[in-house]
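The values are calculated or read from the model by the stated rules, or taken from the named source; none is laboratory data. On a predicted model such as this, the values are computed, not experimentally measured, just so you know. Quick reminder, even Gly has a Cβ in these numbers, built from the backbone with ideal geometry, and neighbours come from all protein chains shown. Side chains are part of the model used for accessible areas, which takes the heavy atoms of the whole protein and leaves out ligands, DNA and RNA. Shrake-Rupley method; radii C 1.70, N 1.55, O 1.52, S 1.80 Å.
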Amino acid sequence: MSYQDNMRSQPARGTWPTDLTAGLIGYLTTVYIVVVNGSILNEAGVSLETGMAATILASFAGTILMGLYAKLPLILIPGMGINALFAYSIVGSTGLSFQEGLAVVLVASILFVVTAFSKLGSVLKEAIPESLKHAITAGLGFFLILIGLEKSGLVVSGEQTIVAIGDFTSPAFIVSLLTLFIAIFLFMKNIKANFLVTMVVGTVLAYGFGVLEPTKQSIQISTNDVLFIPSFSAIGELEFWLAVFPLTIILIFENMGLLHGQLHMLKRHNTYNKAYRSTAFSSLMSAFFGTSPTVSAAENPAVITSGGKTGKAAVTAGLLFLATLFVIPWISMIPNAAFSPILIIVGVLMAQNLRNIPLDDLSEALPAFLIVAMIPFTYSIADGMAFGFIAYPIVKVAMSKHKDFSAILLIISSLFLFYFIMQMIGV
């Protein structure tokens, strides 16, 4: 069952009250991203409050842009999976600073904008085999599952194994396990705003078990951590451009896929160009707000099935996001146990893309599964992608299927191989 399939269809009228209600529902189903993305940005080296403020501002600006320019009831928030790529690969693995990582976001977003006004996006998207696209999404999903399990304490670094089960006697472990089961139940029952309810229930449980940190009394946004000014000091380094590439690829085909599906629900295919351009410019603005790029939210079907038809729904949700700035002192107390189940569930939804990989064709399945396996095992999305992209032409040549890959893919694979060679010789 996909996330979209998990939504119940309801008649939509497009009236003012209906759009405002749909915007409110959309906000409630996506506001969890403030805490979740803020926590992931925190892993990249900024304060939690700064990460949450960046998430709020990027979501506000992007959603308002979608509502006023494209006039569509779609919410834009930092993408799950993309935020992990930013925090754990672009900043965590390459050695780039947070500000240099924002420069990667800015350059990738500029390329994204270029594709929004040209045919380059379609050309690049068609050059990447479908099996590798689905493998990247599935690999991101397994990576989010691993992050969620680690943040919750359900798995820890093992002494004899790579990972091991957490401490069953720990109150934090118990809270995380209970919250995960509750989150699964709420999600499968299709309770509206189930992620938000999960965070509330998880926080209450954490308080009851005595593992909740004291409430912070003021907003503590450190401008020393994030000046919202991307740094291009690493633009001459190979690592910078090899970080730009996977981010650009993911931005292009993830947004294309999300928008096609959501506009199909709205029966508004003629608005695709404006919607795509809105997501591109929103992604670009994210670099200056200090966060990973925004995408069209996977939860947008909740807005659509609630009757959202026009940009009024998006504007409503955007303004509510902006108002969330005033409750950062309270939401910053939400513990890992309360939001880590969300990472796990979203990861499972993304991992469902495994079913789209042609398992009966080993020349497609082998490179794809290298990506799926190596992303979580290397703790690097870029490195995981590299294994699959390098293997793809090798497997095709070995099976005399030279026509199955393009010159563009061969160039991309060669760049990944060159990157690995540079790492081997210590450059």
Calculated FRET value between residue 267 and residue 68, using beta carbons and R₀ = 25 Å, to 0.05: 0.75
Projected-area mean, the chain, by convex hull of Cα positions, square nanometres: 21.1
Projected label distance in nm at residue 188 and residue 118, using a 7 Å step from Cα toward the beta-carbon: 4.9
Within the range 24-59: backbone nitrogen closer than 14 Å to the residue 231 label point (7 Å, Cα to C-beta): 45-46
Hypothetical label at residue 97: residues of the range 229-244 whose amide nitrogen lies under 19 Å (7 Å Cα-Cβ projection): 229-241, 243-244
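How do 112-124, 247-259 rank on mean C-beta neighbours within 10 Å, highest first?
Working: 112-124: 16.0, 247-259: 22.1.
In descending order of packing, they fall as 247-259, 112-124.
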Whole-number percent relative contact order across the range 270-427, with pairs defined as alpha carbons under 8 Å at least 6 apart: 10
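If packing is taken as the average number of other Cβ atoms within 10 Å across a peptide's residues, how do 163-171, 134-142, 344-352, 234-242 rank, most packed first? Walk me through the intermediate numbers first.
Numbers: 163-171: 12.8, 134-142: 25.9, 344-352: 20.9, 234-242: 16.3.
Top of the packing list down: 134-142, 344-352, 234-242, 163-171.
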Length released on extending from residue 406 to residue 274, taking residue separation times 0.36 nm less the Cα-Cα span: 44.6 nm
Rounded percent of accessible protein surface that carbon and sulfur make up, the chain, 1.4 Å probe: 67
Gaussian network model of the chain, Cα within-10 Å springs - most flexible of 207, 32, 88: 207
Accessible area expressed per residue, the range 1-154, with surrounding protein chains retained (probe 1.4 Å, Å²): 31
Solvent-accessible area per residue for the range 230-356 (1.4 angstrom probe, square angstrom): 33
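Provide the per residue accessible area, probe 1.4 Å, for the range 386-427, rounded to a whole number of square angstrom.
It amounts to 59 Å² per residue over the range 386-427.
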Whichever lysines have a C-alpha closer than 20 Å to that of residue 312, once near sequence neighbours (fewer than 8 apart) are set aside: 71, 267, 274
Residue among 132, 146, 410 with the largest mean-square fluctuation in a Gaussian network model of the chain, springs linking Cα atoms under 10 Å: 410
Percent RCO, i.e. relative contact order, over the range 64-181, from Cα pairs under 8 Å lying at least 6 residues apart: 14
GNM flexibility winner over the chain from 286, 47, 157 (Cα, springs under 10 Å): 157
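Over the chain, what is the mean sequence separation of C-alpha contacts under 8 Å (at least six apart), divided by residue count, expressed as relative contact order in percent?
Values: 784 pairs, mean separation 152.0, N = 427.
Worked out over the chain, it gives 36 percent.
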For the range 303-427, the Rg and Dmax computed from alpha carbons only, in angstrom: 21.5, 61
